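J.: There's a structure below that I have some questions on.
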Amino acid sequence: MPNVEITADVFIGSVIAIMVAYGFIIGRNGILRIILSTYLAILAADGVSLFIEGRILSLSPILNKIFNLFGAEGIVSLKIFIFIAIIVILVVRGAFTIDLPLEKFLSLRIISTGFVSLLSANLIISAILVYIAGGSFLQSNLNNDLSLLSLYQESILAKTLIENFHLSFLLPVITFIVFSLIYNEE
């Protein structure tokens, strides 16, 4: 049996493929709900971590020492945990719905569902990679020395997603605008 090396690119590509496949299970409206939840989760995770770093840790020397034990990984782990938890809570229990009508042709339905699934996967993975790289969406403080991040050095896919996270953030918004113009029911 051949020895297959699991690289970061293989892992990230597999996660994206699983997320796209899941998109076909829950449908386009479900994926659009995940995208909206992701935007809210990005803002909330950044806001909470900045609040903790800027206010709580400066007021409490004990908490500051506890977080210093974990180093930068502690804040990054907290940010990713909050990010994922908010996505799950909003998707499962969020007080909003998306109800776009189905396209007339199955081929268009498959293409649009696959496209928004890919956008959702890129947005979520890009956000997590930006957090791992020490970045924030509320502050432009992406780690200036990304060459020190081994994931950035070893993975072409991770490097591309981190460097182009602005596109991963922008394309779903453009898609929402296009869908709003196409499916506007007056």
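Only the coordinates and a few stated rules stand behind these numbers; no lab work does. Only a predicted model underlies this, so the values are computations on that prediction, with no experimental measurement involved. A quick note on method: Cβ atoms are made from the backbone with ideal geometry, for glycine too, and the neighbour counts reach across all protein chains shown.
J.: Between Glu154 and Ile174, what FRET efficiency comes out of the Förster formula 1/(1 + (r/R0)^6) with R0 = 35 Å and r the beta carbon distance, rounded to 0.05?
T.: 0.65
J.: Compute the length gained on full extension between Arg55 and Lys104: take 0.36 nm times their separation in residues and subtract their Cα-Cα distance, giving the result in nm to one decimal.
T.: 12.3 nm
J.: In nm, to one decimal, how far is the modelled label at Asn29 from the one at Leu43, with both set 7 Å along Cα→Cβ?
T.: 2.4
J.: What number does the chain give for Rg over Rh if you use C-alpha atoms and the Kirkwood radius? Could the numbers behind the result be given before it?
T.: Details: Rg = 18.5 Å, Rh = 18.1 Å.
Ratio value, two decimals: 1.02.
J.: So which helices of the chain fit the span-like rule, where a helix is a whole DSSP H run, its Cα atoms reach 24 Å or more along the axis, and its mean Kyte-Doolittle is at least 1.0?
T.: Going by DSSP H runs, the hits are 8-51, 72-93, 106-132, 165-182.
J.: Give me the distance in nm between label points sitting 7 Å out from Cα along the Cα-to-Cβ direction at Leu138 and Asn184, one decimal.
T.: Reported label-point gap for Leu138 and Asn184 is 3.3 nm.
J.: Before rounding to the nearest 500, sum -39500 (n - 2.57) across all DSSP H runs of length at least 4 in the chain and divide by the residue total; then give [θ] at 222 nm in deg cm²/dmol.
T.: -24500 deg cm²/dmol
J.: What FRET efficiency do you get for Lys65 and Asp9 if R0 is 30 Å and r is their Cβ-Cβ distance, rounded to the nearest 0.05?
T.: Using R0 = 30 Å, I get an efficiency of 0.20.
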